[in-house]
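Right, one structure below, let's go through it.
The values are calculated or read from the model by the stated rules, or taken from the named source; none is laboratory data. Just so you know, these numbers come straight off a predicted model, no measurement behind them. Neighbour counts run over all protein chains shown; Cβ positions are idealised from the backbone, glycine included. Calculation scope for accessible area: heavy atoms of the full protein, side chains included, ligands and nucleic acids excluded. Shrake-Rupley method; radii C 1.70, N 1.55, O 1.52, S 1.80 Å.
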Amino acid sequence: MSRIQTTFQQLQAEGRKALITFITAGDPDGESTVPLMRSLVAGGADIIELGVPFSDPMADGPIIQRSSERALAKGMSLARVFDIIRTFRAENATTPVVLMGYANPIEAMGSAVFVDVAKQVGVDGVLVIDYPPEECVEFTSCLRVAGLDQIFLLAPTSSDQRFRDVAQAGSGYLYYVSLKGVTGAARLDFDEVASRIPRIRAVAGMPVGVGFGIRDAEVAKRIGTVADAVVIGSRIVQEIEEGSRERVCDNIETFVRGVRVALDELAGAHL
């Protein structure tokens, strides 16, 4: 059983919702990433999605695009992302880490090499935005053999058949995109999310997380009433971009803790 699956099982037993947080590796610089990961955990994050910076993103809004640009300008690469995870794992053996990014860096490295190194350094799951299930069968097989989860996105426009296809290919959790557009782009439609989640659960057989457009504890708590996990990225990355460099870790921890407290007020809700 993967760390991701273990985490969700533990949270379910406690009647709690999962808090999944995103930052971009190398933003604002490579030396800051592990301290920021520590702050996410200290604030109550259950799973960390670590973005692999890429020059030509498709799903990322301006805030995360700028974080990738800053990271790339400081020399961040996939190899250095693996070094960051290796360092983090030397002190934290329990918090799941999901690499989130695009296919190009993986294919440049070679998918088999990527999976081998990811397994060695302690990656738990991979979310490749431009790898739909039907176009990454071999990659999916490699991940399964290595015991790594592959997380897929589902969109508001996805059909019930698409729900079934993605659920069959994926593992760990499913990531439901709460709005039509890029990350952090608009206000989400709660009623639309609430109508979709039960339909996904009916075929998924795994937890469903909701992200894109969740920017504060109030919205996170509301989404937590219908989802198994809440994913927050752009709001955290914005704090890194705009906040004081000296206080950024403290500020991130405080923000995440506020969301964690709000979600824990739902303890006992269906998970």
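Return the only residue of 209, 213 being open to solvent by less than 40 Å² (accessible area, probe 1.4 Å), outside any helix (DSSP H, G or I) and more than 20 Å from residue 16 (Cβ to Cβ). I'd like the intermediate steps shown before the answer.
Details: 209 fails: more than 20 Å from residue 16 (Cβ to Cβ).
None of the other options fit; the residue is 213.
Taking the stated definitions as given, is residue 113 farther than 17 Å from residue 25 by Cα, of a type in the set (A, V, I, L, M, F, W, C) and open to solvent by 20 Å² or more (accessible area, probe 1.4 Å)?
Details: farther than 17 Å from residue 25 by Cα: yes; of a type in the set (A, V, I, L, M, F, W, C): yes; open to solvent by 20 Å² or more (accessible area, probe 1.4 Å): yes.
Considered against the rule, which asks whether it is farther than 17 Å from residue 25 by Cα, of a type in the set (A, V, I, L, M, F, W, C) and open to solvent by 20 Å² or more (accessible area, probe 1.4 Å), residue 113 comes out as yes.
Here's the yes/no breakdown for (1) at pLDDT below 95; (2) on the phi > 0 side of the Ramachandran plot; (3) crowded, with 18+ Cβ neighbours inside 10 Å:
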| residue | (1), (2), (3) |
| --- | --- |
| 47 | no, no, yes |
| 50 | no, no, yes |
| 63 | yes, no, yes |
| 86 | no, no, no |
| 89 | no, no, no |
| 106 | no, no, yes |
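I'm trying to understand the selection: among the residues of segment 141-165, which are more than 20 Å from residue 122 (Cβ to Cβ), under 19 Å from the mean Cα position of the chain (by Cα), open to solvent by less than 40 Å² (accessible area, probe 1.4 Å) and not aromatic (Phe, Trp, Tyr)?
If the condition is that a residue be more than 20 Å from residue 122 (Cβ to Cβ), under 19 Å from the mean Cα position of the chain (by Cα), open to solvent by less than 40 Å² (accessible area, probe 1.4 Å) and not aromatic (Phe, Trp, Tyr), then 154, 155, 156 are the ones that fit.
List the pairs whose first member sits in segment 254-266 and is outside any helix (DSSP H, G or I), whose second member is open to solvent by 20 Å² or more (accessible area, probe 1.4 Å), and whose Cβ atoms are under 8 Å apart, counting only residues at least 6 apart or on separate chains?
265/221; 266/16; 266/221; 266/225
State all residues of segment 135-149 that are touching a Phe, Trp or Tyr at 6+ places or on another chain (Cβ under 9 Å) and part of a helix (DSSP H, G or I); if no residue qualifies, say none.
The answer is 139, 140, 142.
List, please: which pairs have Cβ atoms under 9 Å, are six or more places apart or on different chains, and start with a residue in segment 85-107 that is more than 10 Å from residue 123 (Cβ to Cβ) and in a helix (DSSP H, G or I) and end with one that is among the charged types (D, E, K, R) and open to solvent by 10 Å² or more (accessible area, probe 1.4 Å)?
88/38; 103/130; 103/135; 104/56; 104/130
Give me a count of the residues in segment 171-189 that are under 17 Å from residue 200 (Cα atoms), assigned to a loop (DSSP other than H, G, I, E, B), open to solvent by less than 60 Å² (accessible area, probe 1.4 Å) and modelled with pLDDT under 95.
Going through segment 171-189 one residue at a time, the tally reaches 2.
Conditions (1) within 19 Å of residue 127 (Cβ to Cβ); (2) free of Cβ contacts under 8 Å to residues at least 60 places away in the same chain; (3) not small (Gly, Ala, Ser), marked per residue:
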| site | (1), (2), (3) |
| --- | --- |
| 12 | no, no, yes |
| 19 | yes, no, yes |
| 38 | no, no, yes |
| 42 | no, no, no |
